[in-house]
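> Would you mind keeping the following structure in view while I ask a few things?
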Amino acid sequence: MSRGVEAAVEVRAMTRSAFVLRGALAAGAAFGSATAAPFVRGALAQAGGGDVAVLNFALMLEYLETELYERAGRLALSSDVARLARELGAQEAEHVAALRAAVRQLGGRPERTPAFTFPMSDEKRFLSLAQSVEDVGVYAYNGAILALRSKELLGAAAGIGQVEARHAAAIRLARGMTVAPRAFDKTMTERQVRDAVRPLLED
Amino acid sequence: MYSVDGTSRKRFLSLMGASGAAALGALAAGCGSDDDDPERAVDDAAADVAIVNYALSLEFLELELYRRALDSDFFNGSERELMKTLADHEQQHVDALTAAIGKLGGRPAKRPQAKFDLGSRVTILKTAYRLENLGAAAYLGQVPRIRDRGVLEAAIAIHSVEARHAAALNALLDKDVTPTGAFAKPASMRQVLPVAQLFIAR
């Protein structure tokens, strides 16, 4: 496995409120605003109820990814892969926090995490599953970006989506696979994403 | 949302046929701040053409870099395969963005005359690392500004692939695959253009 992957992902230890603010700032920065407040006002002004639903859907995926990496940590993994799982998982947790905060700021209620089941007994199966999940995450965010009405939220979602694409690449590198299967990443609708992840939802 | 201003529209469309370097320089002047400014009455299509030509210019640079990398002796085995993949993708991006400009009724920017330090494998990889991360940030900065749905779909599909490319190059150089942490940072035209200009011969 590439040495680069081991050193690949920087972990930043931050308090929860810092995660939220950072997420808001990341979106605010796209529009030149220096604080989170204009982002919130702008988002409230522009977002339809539909935007809350889109964010809640993205939140479900982030819960899934966070849980995947958390459970992977309990497998017997090589130190490189264990570290990758920890670091990607930490970032997914930041995404969860930011999306929950964004939903609340829009006056919505963040959905609770569903129960998940991950068929993975070893490192090989974990990495294979992680690749599928991260790739679907990229396609889901691409779809979410198109579904959002608020431009601020679109920018914020794309900022998270880019990181998911980087995650997908990191997992693919760990497996010795090509980082980008195509020159253009797909877009998936919410329906398509739900169908793709249904096997991982515990009934 | 904006009134149609014939003068601005003509100005943008005439810029779009200019050479890559001139187009990029003009974009820096013409785009001004990235904030939506109702005073700057710009036809929606012309604004989108400006954005797509900006992306096209960056793609041209990346493509040229990978072509020259493949022409050099520095890349073999899996690294060579990576360079080939990246070159192929950037060519497809160039084709798609060029077609998008045509659909918008604009003129595609010409391929800039690129200048790269090709002295070693590491120099080339560092340039690629800079351009791909720059490109990912540039797409991220523009995505909220795009008006046309079709153009937005194309930009989104390319944006995440540029991010994958960037991650691959970061990993090759033992750098973070997520250099700004859990949230990617957008870059404005004002931030990107001076860096892109470094790789364009005058």
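> Any residue in the stretch B:172-184 that's on the phi < 0 side of the Ramachandran plot: show its pairings with residues that are in a loop (DSSP other than H, G, I, E, B) and buried (at least 24 other Cβ atoms within 10 Å of the Cβ) at Cβ separation under 7 Å, as long as the two are six or more apart or on different chains.
As it stands, the answer is B:Asp176/A:Ala8; B:Asp176/A:Val9; B:Val177/A:Ala8; B:Val177/A:Val9; B:Thr178/A:Val9, since those pairs meet every condition given.
> With the condition kept exactly as written, say whether any residue in the stretch B:98-105 is under 24 Å from A:Gly161 (Cα atoms) and either part of a helix (DSSP H, G or I) or open to solvent by less than 50 Å² (accessible area, probe 1.4 Å) (or both).
Yes; the residues of the stretch B:98-105 include at least one that is under 24 Å from A:Gly161 (Cα atoms) and either part of a helix (DSSP H, G or I) or open to solvent by less than 50 Å² (accessible area, probe 1.4 Å) (or both).
> Taking the stretch B:59-87, which residues are hydrophobic (A, V, I, L, M, F, W, C) and within 17 Å of B:Ala99 (Cβ to Cβ)?
B:Phe60, B:Leu63, listed by residue number.
> I'd like to know if the stretch A:65-83 contains one or more residues that are among the hydrophobic types (A, V, I, L, M, F, W, C) and at pLDDT below 95.
No: zero hits.
> Follow-up question, since we're still on this one. Considering each of B:Gly181, B:Gly119 in turn, give the residue that is of a type outside the set (Phe, Trp, Tyr), part of a loop (DSSP other than H, G, I, E, B) and away from chain A (no Cβ under 12 Å).
Sole residue among the options that is of a type outside the set (Phe, Trp, Tyr), part of a loop (DSSP other than H, G, I, E, B) and away from chain A (no Cβ under 12 Å): B:Gly119.
> Then there's this: Would you say A:Ala98 is more than 26 Å from B:Pro144 (Cα to Cα) and at pLDDT 95 or above?
no
> Answer yes or no as to whether A:Leu148 is within 12 Å of chain B (Cβ to nearest Cβ), in contact (Cβ under 8 Å) with a residue 60 or more places away in the chain and open to solvent by less than 40 Å² (accessible area, probe 1.4 Å).
yes
> In the stretch A:76-95, which residues are crowded, with 17+ Cβ neighbours inside 10 Å and part of a loop (DSSP other than H, G, I, E, B)?
A:Leu77
> Also, I was wondering about something else. Among B:Ala196, B:Ala128, B:Ala201, which is the only one that is in contact with a strand residue (DSSP E or B) (Cβ under 8 Å, 6 or more places away or on another chain) and more than 9 Å from chain A (Cβ to nearest Cβ)?
One residue alone meets the criteria, B:Ala201.
> Any residue at all in the stretch B:166-180 that's at pLDDT 95 or above, among the hydroxyl-bearing types (Ser, Thr, Tyr), open to solvent by less than 10 Å² (accessible area, probe 1.4 Å) and over 17 Å from B:His89 (Cα atoms)?
Yes, that holds for at least one residue.
> Next question. Looking only at the stretch A:65-75, how many residues end up being in a helix (DSSP H, G or I), more than 12 Å from A:Ile171 (Cβ to Cβ) and either among the aromatic types (Phe, Trp, Tyr) or open to solvent by 50 Å² or more (accessible area, probe 1.4 Å) (or both)?
3
> Quick one: which of B:Gln142, B:Gln191, B:Gln92 is outside any loop (DSSP other than H, G, I, E, B), more than 8 Å from every other protein chain (Cβ to nearest Cβ) and open to solvent by 30 Å² or more (accessible area, probe 1.4 Å)?
It is B:Gln191.
> Turning to a different aspect of this structure: Looking at the stretch A:165-200, which of its residues are among the hydrophobic types (A, V, I, L, M, F, W, C), open to solvent by less than 70 Å² (accessible area, probe 1.4 Å) and more than 17 Å from the chain's Cα centre (by Cα)?
Listed by number, the residues that qualify are A:Leu173, A:Ala174, A:Val179, A:Ala180, A:Ala183, A:Phe184.
The values are calculated or read from the model by the stated rules, or taken from the named source; none is laboratory data. Predicted model only: the values in this text are computed from it and were never measured. Cβ atoms come from the backbone with ideal geometry, glycine included; neighbour counts cover every protein chain shown. These area figures cover heavy atoms from the full protein model, side chains too; ligands, DNA and RNA do not enter into them. Shrake-Rupley method; radii C 1.70, N 1.55, O 1.52, S 1.80 Å.
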